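What follows is a single structure, written as structure tokens, with notes after it.
The values are calculated or read from the model by the stated rules, or taken from the named source; none is laboratory data. Values in this document were obtained by computation on a predicted structure and should not be read as measured data. When we count neighbours, we look across all protein chains shown, and the Cβ atoms used for this are built from the backbone with ideal geometry, even at glycine. These accessible areas exclude ligands, DNA and RNA; they are computed on the full protein's heavy atoms, side chains included. Shrake-Rupley method; radii C 1.70, N 1.55, O 1.52, S 1.80 Å.
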Amino acid sequence: MAEIFSGRLAVIGLGYIGLPTAVALATRGIDVVGVDTNPRTVDAVEQGNVPLVEPDLAVGVTGAVAMGRLKATTETPEADAYIIAVPTPFNADHTADLSYIRNAAEQIAPKLHGGEIVVVESTSPPGTTETVSRWLGELRPDLVLPHATEGIPDVYVAHCPERVLPGRIMIEMVTNDRVVGGVSPRCAVKAASIYRVFSQGKILLTDAASAEMAKLVENAYRDVNIAFANELSLICDSLKLDVWEVIKMANRHPRVNILSPGPGVGGHCIAVDPWFIVGAAPELSPLIRTAREVNDGKPQHVANQVIRTTRRFRDPVVACLGLTFKANIDDIRESPARDVVSLIAEALPNVDIRVCDPYVGELPPELADRPNVRLQRASEAIADADVVALLVEHDKFKALSRNLLEGKVVFDTRGVWRH
Ligand code: SAJ
């Protein structure tokens, strides 16, 4: 029988991945301590609240806290296993910023006695998990870490990338297959025991660097495919063709499945992870780099279309529908829609710009500071607008009456109002 973890577990980082993972384990009987540097996040979780919007997460947190299985703190405790789920942003030169992972390793090191499992879930360039093993070894020379032995180490270190889709995290957390890569094969076996607690998917064992690379490849694959769709949208615009119609027809081929163009690619994964591959092999990754550039160039293209159109009006009003990085979630980090609005507001400081998003309660600072930009309900903003830019395909926008759009210049970047 494959081993299933039972013990005390600490999750470092209570964000979009750490908190759902903590809930998945706690609701299945594991004593979980969630650790976060932000005291507000810790307070919220301690009270059974959720500091972010994700379907079914709130009920999970409330239940886990009420059961006494989930606690939260700013101090890393002693535990039998640690899951590191902190951000890995990229630096200005697109290399990975591993400072949050390093910080987590520094917090964990003094708590180790021997026998613990340390899993890095944070997306990171190949070699990072082995580096964590080295860091722990340097911080605790009294312990044998797996990079330094062929035998049984004192601490097991592995990588297990998350693959959940925001908006479906609680479902995919349980149903997705998991890749578990160990710094040594024993480490993979040990780390897999944690995911057996809640995962209904296959648990695939490999080495740490292959697991790291597999995760980056998944997101780069999607980025390249979206870039193809986005490049098509530019080409079709210039040829005065409807890209949606072209893609719909092409997708009737049995082996063609083109993704959807949009105002760009956002989020903290697909827009970030391909750079880690480019950083690891810059000379060998022109396709992956170009895909990033195509997708990153899309917000400016959409903004330019809107900006040009406003010149037709004496006192134009522009309604921008959507600010989040994708539909039906509240996350505006790395959002192309947000970039589009900023670019328009920057270029047109005297134009009245209304921003609508049912998931956003206040404008981000770069927009809030602009006197010509305000948040408004979509139906009211559209009624006043000359130009409407649909930037995010929230269900609420799809359901809007098409009559509202009559007489307006409409830029439907997501192709939802075509018919
Ligand atoms: N997008 C398009 N056209 C499409 C699909 C997406 O423009 O056809 C845009 C979205 O609007 C959004 C961005 O791409 O701005 C990314 O959205 P997404 O839904 O493709 O992906 P994420 O970032 O929410 O989650 C991805 C997923 N990765 C893959 O599907 C390969 C998820 O499984 C990962 O766990 C997640 O990244 C992650 O954390 O790495």
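Say we look at the stretch 16-51 and pick out the residues that are in a loop (DSSP other than H, G, I, E, B), surrounded by 19 or more Cβ atoms within 10 Å (Cβ to Cβ) and out of contact with any Lys or Arg (no Cβ under 9 Å at 6 or more places or on another chain); which of these is modelled with the lowest pLDDT?
By that ranking, first place goes to Val50.
Could you pull out every one of the strands (runs of 3 or more DSSP E) wholly within the stretch 66-131 that has 3 or more residues that are buried (at least 21 other Cβ atoms within 10 Å of the Cβ), in contact (Cβ under 8 Å) with a residue 12 or more places away in the chain and of a type outside the set (Lys, Arg)?
Those strands (runs of 3 or more DSSP E) span 81-84, 117-120.
Can you pull out the residues in the stretch 178-188 that are open to solvent by 20 Å² or more (accessible area, probe 1.4 Å) and touching a strand residue (DSSP E or B) at 6+ places or on another chain (Cβ under 7 Å)?
Correct list: Val183, Arg186.
Look through the stretch 300-323, keep the residues that are part of a helix (DSSP H, G or I), open to solvent by less than 20 Å² (accessible area, probe 1.4 Å) and touching a helix residue (DSSP H, G or I) at 6+ places or on another chain (Cβ under 8 Å), and return whichever of them is nearest to Pro364 (Cα to Cα). Explain how you work it out, then say what you get.
Of the stretch 300-323, the ones part of a helix (DSSP H, G or I) are 300-310.
Now narrow it down to the ones that are open to solvent by less than 20 Å² (accessible area, probe 1.4 Å): 302-303, 306-307, 309-310.
Narrowing the set further to residues that are touching a helix residue (DSSP H, G or I) at 6+ places or on another chain (Cβ under 8 Å) leaves 302-303, 306-307.
Working: Val302: 20, Ala303: 18, Val306: 21, Ile307: 21 Å.
Restricting to residues being part of a helix (DSSP H, G or I), open to solvent by less than 20 Å² (accessible area, probe 1.4 Å) and touching a helix residue (DSSP H, G or I) at 6+ places or on another chain (Cβ under 8 Å), the top hit is Ala303.
Answer yes if at least one residue in the stretch 196-203 is out of contact with any strand residue (DSSP E or B) (no Cβ under 6 Å at 6 or more places or on another chain) and on the phi > 0 side of the Ramachandran plot, and no otherwise.
No, that holds for no residue.
Residue check: is Gly297 part of a helix (DSSP H, G or I), modelled with pLDDT under 95 and open to solvent by 20 Å² or more (accessible area, probe 1.4 Å)?
No, not satisfied.
Could you go through the stretch 227-237 and let me know if any residue there is among the hydroxyl-bearing types (Ser, Thr, Tyr), in the same structural domain as Leu343 (by TED's automatic domain parsing) and within 12 Å of the ligand (Cβ to nearest atom).
yes
Read through the list (1) over 16 Å from Val302 (Cβ atoms); (2) open to solvent by 60 Å² or more (accessible area, probe 1.4 Å), then give the number of the only condition that Asp339 fails.
That leaves (1) as the condition not met.
Take the stretch 217-241 and flag every residue that is open to solvent by 70 Å² or more (accessible area, probe 1.4 Å) and not aliphatic (A, V, I, L, M).
The answer is Tyr221, Arg222, Phe228, Glu231, Ser238, Lys240.
For the stretch 1-15, name all the residues that are out of contact with any Asp or Glu (no Cβ under 6 Å at 6 or more places or on another chain), of a type in the set (Gly, Ala, Ser) and surrounded by 14 or more Cβ atoms within 10 Å (Cβ to Cβ).
Those that are out of contact with any Asp or Glu (no Cβ under 6 Å at 6 or more places or on another chain), of a type in the set (Gly, Ala, Ser) and surrounded by 14 or more Cβ atoms within 10 Å (Cβ to Cβ): Ala10, Gly13, Gly15.
Looking at the stretch 160-177, which of its residues are open to solvent by less than 40 Å² (accessible area, probe 1.4 Å) and either away from the ligand (no atom under 16 Å from the Cβ) or outside any helix (DSSP H, G or I) (or both)?
If the condition is that a residue be open to solvent by less than 40 Å² (accessible area, probe 1.4 Å) and either away from the ligand (no atom under 16 Å from the Cβ) or outside any helix (DSSP H, G or I) (or both), then Cys160, Pro161, Glu162, Val164, Pro166, Gly167, Asn176 are the ones that fit.
When the residues of the stretch 215-263 are filtered to those that are of a type in the set (D, E, K, R) and outside any helix (DSSP H, G or I), which remaining residue is nearest to Thr128 (Cα to Cα)?
The residue in question is Arg255.
Of all residues in the stretch 266-294, how many are of a type outside the set (Gly, Ala, Ser) and outside any helix (DSSP H, G or I)?
Just the residues of the stretch 266-294 that are of a type outside the set (Gly, Ala, Ser), to begin with: 268-270, 272-278, 282-284, 286-290, 292-294.
Of the ones still in play, those that are also outside any helix (DSSP H, G or I) are 268-270, 272.
Qualifying residue count, the stretch 266-294: 4.
Scan the stretch 270-296 and report the pairs whose first residue is more than 13 Å from the ligand (Cβ to nearest atom) and whose second residue is open to solvent by 20 Å² or more (accessible area, probe 1.4 Å) and polar (S, T, N, Q), with Cβ atoms within less than 6 Å and a gap of 6+ or a chain change.
The qualifying pairs are Gly279/Thr95.
Hey, among the residues in the stretch 16-33 that are of a type in the set (Gly, Ala, Ser) and closer than 19 Å to Val164 by Cα, which one's farthest from the ligand (Cβ to nearest atom)?
As a first pass, look at the stretch 16-33 and keep what is of a type in the set (Gly, Ala, Ser): 18, 22, 24, 26, 29.
Within this subset, residues satisfying the condition of being closer than 19 Å to Val164 by Cα are 18, 22, 24, 26.
Working: Gly18: 12, Ala22: 16, Ala24: 14, Ala26: 21 Å.
Filtering first and then ranking leaves Ala26.
With Val189, Val180, Val132, Val157 as the choices, which residue is within 16 Å of the ligand (Cβ to nearest atom) and of a type in the set (A, V, I, L, M, F, W, C)?
The conditions single out Val180.
Can you tell me how many residues within the stretch 187-214 are not β-branched (Val, Ile, Thr) and not in a helix (DSSP H, G or I)?
Residues flagged as not β-branched (Val, Ile, Thr) and not in a helix (DSSP H, G or I) within the stretch 187-214 amount to 9.
All but one of (1) open to solvent by less than 90 Å² (accessible area, probe 1.4 Å); (2) over 18 Å from Arg414 (Cα atoms); (3) near the ligand (Cβ under 10 Å from one of its atoms) hold for His253; state the number of the condition that does not hold.
So His253 meets the others, but not (3).
Just one of (1) of a type outside the set (Asp, Glu); (2) open to solvent by 20 Å² or more (accessible area, probe 1.4 Å); (3) over 23 Å from the mean Cα position of the chain (by Cα) trips up Arg354, so point out which.
(2)
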